[in-house]
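Participant: Take this structure first; my questions come after.
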Amino acid sequence: MNAFNEIGCHAFSPGSKDFAAGLPFVKEMQTLANFPFISANIMDSNGNRLFDPYIITDVDGISLGIIGLASDFVHSDVYVQNPMESLGELVGEVESQADILLLMFDSEEADLIKIQSAGYPIDMVIRSKSKTRSQDGGRRNIPAYSCGDRGKYLYQFDLTIADPQIKFTDLALYKNQLSQAEKRLNKLRQGNLMADLQSMYQDDPQTLKKIENYERQIQTARKAIDAGVNTIILSKHELDKHVTDRPDILKIVDSGKSKIEGIYGPQPPPGTPPGGHHKHILHDHDGDGIPDH
């Protein structure tokens, strides 16, 4: 929580794993946070919301509405209302106040599919509870993105909005479609990029049909990219050794590591297999140059 405070955060939407240490722990973390916890459907045992369901914030002159939501999970301290019911009760209220509506959803796949087919005026979904790292927002009605479960990638979304009444064009989706179709056509050219595919495969109707399909995909993608009024550009940043470390954040991490070692003892180095298997060291006790065991 200290690290998030230093990095900066608009909102946090808790999910099932966040309650592993119980509701009191989550509430304690909330008091430490410099940003709001939001959830439209996580309630106390009496059916009262534990957090505000959404926030409205201004980003570069654009009004952004962020709703927190979670798929159903069982926990003795909380009651989770049906996510579709909770969303339906307030999505219109948020839409009336925001230019862009973002859903932060700790979701099962089945619930994400329901959201896609419900016709809600949601512009994009940031999803947790998935191991997938999205290449784009997918081909469904609402662009939905997951950053995976390892925290090794930072996803950057650059949104351009010219008309709030028009849906967003996910440029990554169409650029990926364009790239894949062009690669398949080039493979069919067998190394000769100037080859006329219609002539090469004139006696192969099945391949000609594939070529027609790839060319149609290219045409559709280029048209969508050129016609995009409101656009989403996705960039992924791997948090590897090339990323410049921030000393203030590292200090927080080191403090956390020392606390863990104080409770559980020295931790195995990164990459140690489960079970703490160690490399076997060969010994030469008699000095003859041949390992004894």
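Participant: Can you find a residue in the stretch 192-211 that is more than 30 Å from GLU6 (Cβ to Cβ), at pLDDT below 90 and among the polar types (S, T, N, Q)?
Facilitator: Within the stretch 192-211, one or more residues are more than 30 Å from GLU6 (Cβ to Cβ), at pLDDT below 90 and among the polar types (S, T, N, Q).
Participant: OK, next. Scan the stretch 256-269 and report the pairs whose first residue is among the aliphatic types (A, V, I, L, M) and whose second residue is outside any helix (DSSP H, G or I), with Cβ atoms within less than 9 Å and a gap of 6+ or a chain change.
Facilitator: Sorted first by the residue in the stretch 256-269, then by its partner, the pairs are ILE260/GLN267.
Participant: Is it the case that some residue within the stretch 10-30 is surrounded by 20 or more Cβ atoms within 10 Å (Cβ to Cβ) and β-branched (Val, Ile, Thr)?
Facilitator: no
Participant: What's the number of the only condition in (1) within 30 Å of LYS241 (Cα to Cα); (2) part of a helix (DSSP H, G or I) that ARG127 fails to meet?
Facilitator: ARG127 satisfies all of (1) within 30 Å of LYS241 (Cα to Cα); (2) part of a helix (DSSP H, G or I) except (2).
Participant: Given (1) assigned to a helix (DSSP H, G or I); (2) under 24 Å from PHE157 (Cα atoms); (3) not aliphatic (A, V, I, L, M), where does THR31 come up short, assuming only one miss?
Facilitator: (2)
Participant: Could you list, in sequence order, all residues of the stretch 194-214 that are surrounded by 10 or more Cβ atoms within 10 Å (Cβ to Cβ) and either in contact with a Gly (Cβ under 8 Å, 6 or more places away or on another chain) or closer than 23 Å to LYS175 by Cα (or both)? Can you show your working first?
Facilitator: In the first step, residues of the stretch 194-214 are kept if they are surrounded by 10 or more Cβ atoms within 10 Å (Cβ to Cβ); the result is 195-198, 200-202, 204, 207-214.
The answer is LEU197, LYS209, LYS210, ILE211, GLU212, ASN213, TYR214.
Participant: Now for a different question. Can you find a residue that is surrounded by 16 or more Cβ atoms within 10 Å (Cβ to Cβ), of a type in the set (Gly, Ala, Ser) and under 20 Å from PHE12 (Cα atoms) anywhere in the stretch 137-145? Show your work before the answer.
Facilitator: Narrowing the stretch 137-145 to residues surrounded by 16 or more Cβ atoms within 10 Å (Cβ to Cβ): 137-138, 142-145.
Subset that is of a type in the set (Gly, Ala, Ser): 137-138, 144.
Okay, now just the ones that are also under 20 Å from PHE12 (Cα atoms), so 144.
Checked the stretch 137-145: at least one residue is surrounded by 16 or more Cβ atoms within 10 Å (Cβ to Cβ), of a type in the set (Gly, Ala, Ser) and under 20 Å from PHE12 (Cα atoms).
Participant: Okay, moving on. Among the numbered criteria (1) part of a loop (DSSP other than H, G, I, E, B); (2) closer than 17 Å to ILE67 by Cβ; (3) of a type in the set (Ser, Thr, Tyr), which single criterion is violated by TYR145?
Facilitator: (1)
Participant: So how many residues does the stretch 130-183 have that are on the phi > 0 side of the Ramachandran plot and in contact (Cβ under 8 Å) with a residue 60 or more places away in the chain? Give the derivation first.
Facilitator: Pass one, the stretch 130-183, residues on the phi > 0 side of the Ramachandran plot: 138, 148, 151.
Within this subset, residues satisfying the condition of being in contact (Cβ under 8 Å) with a residue 60 or more places away in the chain are 151.
Qualifying residue count for the region: 1.
Participant: Do we find a residue being assigned to a helix (DSSP H, G or I) and either of a type in the set (A, V, I, L, M, F, W, C) or under 23 Å from GLN156 (Cα atoms) (or both) anywhere in the stretch 46-62?
Facilitator: No; the residues of the stretch 46-62 include none that is assigned to a helix (DSSP H, G or I) and either of a type in the set (A, V, I, L, M, F, W, C) or under 23 Å from GLN156 (Cα atoms) (or both).
Participant: Among the numbered criteria (1) more than 22 Å from GLY22 (Cβ to Cβ); (2) free of Cβ contacts under 8 Å to residues at least 12 places away in the same chain, which single criterion is violated by ILE100?
Facilitator: Of everything listed in (1) more than 22 Å from GLY22 (Cβ to Cβ); (2) free of Cβ contacts under 8 Å to residues at least 12 places away in the same chain, ILE100 misses just condition (2).
Participant: If I filter the stretch 39-70 down to residues being of a type in the set (Ser, Thr, Tyr) and closer than 19 Å to PRO24 by Cα, which single residue comes out as surrounded by the fewest Cβ atoms within 10 Å (Cβ to Cβ)?
Facilitator: Looking at the filtered set, the residue picked out is SER45.
Here is a yes/no grid of residues against (1) among the polar types (S, T, N, Q); (2) within 28 Å of the chain's Cα centre (by Cα); (3) surrounded by 11 or more Cβ atoms within 10 Å (Cβ to Cβ); (4) part of a helix (DSSP H, G or I):
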| residue | (1), (2), (3), (4) |
| --- | --- |
| ALA162 | no, yes, no, no |
| THR169 | yes, yes, yes, no |
| LEU173 | no, yes, yes, yes |
| GLU182 | no, yes, yes, yes |
| LEU185 | no, no, yes, yes |
| ASN192 | yes, no, no, no |
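Participant: Can you pull out every residue in the stretch 1-28 that is among the hydrophobic types (A, V, I, L, M, F, W, C) and not in a loop (DSSP other than H, G, I, E, B)?
Facilitator: Keep residues of the stretch 1-28 that are among the hydrophobic types (A, V, I, L, M, F, W, C), which gives 1, 3-4, 7, 9, 11-12, 19-21, 23, 25-26.
Selection gives ALA3, PHE4, ILE7, PHE12, PHE19, LEU23, PHE25, VAL26.
Participant: Would you check which residues across the stretch 76-108 are part of a loop (DSSP other than H, G, I, E, B) and closer than 17 Å to PHE12 by Cβ and list them?
Facilitator: The answer is SER107, and nothing else.
The values are calculated or read from the model by the stated rules, or taken from the named source; none is laboratory data. Please read all numbers here as calculations on a predicted model, not as lab measurements. Positions of Cβ are backbone-derived with ideal geometry, glycine not excepted, and every protein chain shown enters the neighbour counts.
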